[in-house]
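Here is the structure we will look at, set down as structure tokens.
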Amino acid sequence: MGLRDKRMRLAGFGLLLFAIAVLFSAVSVGSALNVEAAGTAGATDLTESAISIKKGKIILKSRCGKCHAIKGPAATTLKDFKARKGPDLFYAGVKYNEEWLIKWLANPVPIRPAGFRYFKNIIVTEGSDDTVNWDALAEHVALTPDEAEMVAATLMTFMAYKGKVKKNALTEEPADAFMGEMNFDKFSGCLACHEIEPGYGGVTGPEVYTVAERLKPDFIYSYLKSPQSFDPKSMMPDKELGENFLQVLTKYMLSLEAPPDGEYDEGEEE
Amino acid sequence: MKQSYRYIIGALSLLAAMMMVPNGMAEAATARDNYRTYCAQCHGVNGSGGGVNTESMSVQPRDHTDAKGMSGLTDAKLKKAIAEGGLAVSKSVLMPPWRATFNDKELDALVGYLRELCKCSE
């Protein structure tokens with residue numbers, strides 16, 4: 001092959017790369033500017049759902065990444081753990097129910113009563129109990145319904161930790177509401193950190209009365225079994241639960257229901 | 001040749017020594033940081049037992065600044081309570097086990113920090 005041929009090939013290859021780059025940036029700029037125009041990206045052979053996943057990713061990167069880890073790993077040092085500004089989302093696909101994501105992203109309500117990192121939201125006075133600084137709690141950014149759908153679709157593709165979640169973990173045996181609450185409160189001490197209804201329970205963990213809507217059952221089971229395998233620095237201790245307790249507690253939380261709309265926050269202020 | 005080895009060994013040991021000294025200090029600082037992140041949920045930032053979760057707790061967390069109460073507990077017992085939880089020392093289940101969260105060194109450092117809080121020894 002002559003030198004000239006080689007050069008020509010090189011130039012051709014360069015041109016091809018350039019064309020691909022232009023195409024990609026055109027698609028992303030187009031979708032960043034006009035998020036609603038699903039399906040009109042043309043030119044490429046992406047399917048409609050692939051397009052919305054791509055648009056969701058752009059929203060995540062540009063508007064969510066400063067508070068949420070959309071790529072792993074979880075924090076392994078206390079410094080990193082404390083610095084995080086929102087829950088890790090890089091394993092969202094194994095954790096959340098898509099329906100709930102769509103609903104919540106468009107209409108977010110508080111999940112952790114004392115905020116994501118409670119120690120940044122408390123008032124400490126010598127000689128009296130620590131109190132939550134309710135006024136310091138920021139509202140979560142809300143998406144439009146269309147954006148929420150795209151972002152939820154994207155989040156469902158984040159399958160890190162798939163191997164850590166036990167498949168079909170729950171047995172057929174039905175939940176026992178009375179024993180479930182007894183266990184959650186008295187035998188396992190979960191109520192110390194989690195609310196089972198607004199204003200009743202601890203404030204440093206996420207409330208668990210919307211867990212059924214929010215989280216996948218297999219995820220709940222696996223997280224209870226070892227919070228540290230999902231988040232090594234988690235503020236939730238490993239309660240060293242046996243199989244029976246894991247079943248009872250997971251089913252109990254899944255049996256709880258959110259109060260009617262608008263009753264979320266009340267009762268916590270006093 | 002021999003001389004340069006000696007220099008290298010000298011430099012290395014100096015470096016090791018430099019890393020050892022602040023290490024102890026760093027551990028103490030980390031224990032305080034760990035306490036104020038994990039334990040303060042219930043025991044309160046200052047350790048006096050008034051964390052933000054206490055309102056709905058049926059057994060109140062121990063006051064770690066109480067010299068009298070805390071001096072009655074040995075270091076070994078404190079460590080057991082932290083690592084294995086309240087049940088392991090015949091206390092409330094509300095005191096969780098933390099051995100999945102902290103390694104042995106961090107647990108020892110936490111015991112040390114509790115001694116600082118109570119200004120007492122066993």
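Nothing in this text is a laboratory measurement; each read-out follows from the coordinates by a stated rule. Given the structure is predicted, the values throughout are model-derived calculations rather than measurements. So basically every Cβ, Gly included, is an ideal-geometry build from the backbone, and we count neighbours across all protein chains shown.
Summary table
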quantity: Contour minus Cα-Cα distance for A:Trp100 and A:Glu240 (0.36 nm per residue); calculated: 47.5 nm
quantity: Over 28 Å (Cα to Cα) - which of A:Lys55/A:Lys95; A:Lys233/B:Lys91; A:Lys85/B:Lys91; A:Lys61/A:Lys95; A:Lys82/B:Lys80 fall in this group; calculated: A:Lys85/B:Lys91
quantity: Candidates per GluC sites (Glu not before Pro) in region A:111-172, loop by DSSP, up to 12 other Cβ within 10 Å; calculated: A:Glu126, A:Glu139, A:Glu172
quantity: Charge context of A:Ala69, other residues only, Cβ under 10 angstrom, K/R +1, D/E -1; calculated: +1
quantity: Value in Å of the Kirkwood radius, where region A:66-255 supplies the Cα pairs that are averaged; calculated: 17.6
quantity: Estimated dipole of region A:66-255 in Debye, rounded to 20 [Cβ of Lys and Arg +1, of Asp and Glu -1, Cα centre]; calculated: 900
quantity: Area projected by the alpha carbon convex hull of region A:140-226, averaged over all directions, nm²; calculated: 7.7
quantity: Environment charge at B:Gly49 (Cβ cut-off 12 Å; Lys +1, Arg +1, Asp -1, Glu -1); calculated: -3
quantity: Relative contact order computed over region A:66-255 (Cα-Cα under 8 Å; 6+ residues apart), in percent; calculated: 26
quantity: Cα centroid separation - region A:204-256 against region B:35-79, whole Å; calculated: 25
quantity: Using a Förster distance of 45 Å, the FRET efficiency for A:Leu170-A:Thr144 (Cβ separation, nearest 0.05); calculated: 0.80
quantity: Debye, to nearest 20: dipole size of region A:184-227, +1 on Lys, Arg Cβ, -1 on Asp, Glu Cβ; calculated: 200
quantity: Interchain or long-range residues, amide H under 5 Å from A:Lys216's placed H; calculated: A:Tyr96, A:Asn97
quantity: Rg/Rh (Cα only; Kirkwood hydrodynamic radius) as it applies to region A:42-115; calculated: 1.03
quantity: Gyration tensor (alpha-carbon) shape descriptor, region A:190-234, a/c threshold 1.5; calculated: oblate
quantity: FRET efficiency estimate (nearest 0.05) - Cβ-Cβ, B:Ala26 to A:Glu126, R0 41 angstrom; calculated: 0.95
